[in-house]
Amino acid sequence: MFRMKIAAMLAACWVVCLGAPAADKGTEANPWVIGMSQCNLGEPWRVQMNADVAKAAEAHKNLKVIFKDAQNDTLKQRAHLEEFASQGVDLIIVSPKEAAPLTPPIKKAFRDGIPVIVLDRAVLGKDYTQFIGANNKLIGEAAGKWVVKKLGGQGNIVELKGLMTSTPGQDRNSGFRKGIEGSGLEVIFEADMQWLEPNARKEMESALARFDDIKLVYAHNDPAAHGAWLAAKAAGREKDILFVGIDGLPQEGQAYVAQGVLDVCFEYPTGGKEAIASALTVLGGGEVPQDMVVPSRYFTKENLKDGGAALEE
Ligand code: FRU
């Protein structure tokens, strides 16, 4: 009798102290709550990522996503993680601005028992549930090999790098250098444009002022490639230079390729759809691999009508 009373008291305390039992969660009436922290919504690619997350989540009435925009401010994004934790969300999706400063709050949320899915830009260490992203080293290397072929292994190159405290910037740089290794191509000008088109345009103006002979611009994203093209056009030199970008959204990079602004762009899938699929698995008690690589393609004027071509390993 005494034992039954204790069991009943414990069960009541479980409901009162810890909230409804898990079985009641994840229904239309009581949906799972996902906190999504986006590092900024300044570029079309990030708007697309949020749209991909929202669209995938819409199909599941047992899910609710709260979106937050850090407006390219690392401190704001750190605060998002703390806010989500104190709100008691069931899972966090985060696309971090920078690796090192976002690692501790992500680690804390994860160690406190909140599943965390990291999208696109990685963090340091392994304290997260899943990382989803394309292989930026492979994309950089494929871009390098494409350039070697296109320029016959000779020529001066400008490299406009993404934020070098973020992993895609680092990997797109090292991959590209590997891809052009052993060729006669020379990177004569390089600058960190921090993923931003206006910065890329300014850097390209400097490169054009300093160098008469530039054969190609390798930009770590399509907005930067477009900014560089605008600078070259203003100087009347856009026809002498080839432009390479990364992201490959239909409404951005692919459209630039169709217009002849870019010569090639490499797709960088957002992983938004995959993040929701993984969230559902994790919230349902299932397991997901810790790292998920999403495949990429590249687009040229010739292959656009076929939907691009797969990267060669
Ligand atoms: C958007 C963006 C993309 C790029 C990605 C890398 O902020 O700069 O253009 O591919 O981030 O993380």
Environment charge of residue 207, counting only residues whose C-beta is closer than 15 Å and scoring Lys/Arg +1, Asp/Glu -1: -3
Carbon/sulfur fraction of accessible area - the chain, other protein chains in place, 1.4 Å, %: 55 percent
Stretch gain in nm, segment residue 67-residue 294, where the contour uses 0.36 nm per residue and the Cα spacing is subtracted: 79.4 nm
Surface per residue (accessible, 1.4 Å probe) for the chain, Å²: 46 Å²
Residue pairs, from the table 97/137; 25/68; 64/137; 107/273; 68/97; 202/239, whose Cα atoms sit over 25 Å apart: 64/137
Cα→Cβ-extended label distance, 7 Å offset, between residue 309 and residue 111, nm: 4.8 nm
Residues of the range 166-180 with amide N under 13 Å of the 7 Å Cα→Cβ point at residue 124: 166-167
Mean Cα-pair separation over length for the chain, i.e. relative contact order, pairs under 8 Å, 6 or more apart, %: 16 percent
Kirkwood Rh, Cα atoms: Rg over Rh of the range 181-294: 1.14
Cβ crowding within 10 Å averaged over residues, with 142-154, 245-257 ranked highest first: 245-257, 142-154
Most mobile listed residue (281, 165, 74) in the chain, GNM with C-alpha springs under 10 Å: 281
Equivalent-ellipsoid semi-axes of the chain, from the Cα gyration tensor, Å, largest first: 45, 18, 16
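The values are calculated or read from the model by the stated rules, or taken from the named source; none is laboratory data. As the structure is a computational prediction, the values presented were derived from the model and not from experiment. Note that each Cβ is placed from the backbone with ideal geometry, even for glycine, and that neighbours are counted across all protein chains shown. Accessible surface areas use protein heavy atoms only, side chains included; no ligands, DNA or RNA. Shrake-Rupley method; radii C 1.70, N 1.55, O 1.52, S 1.80 Å.
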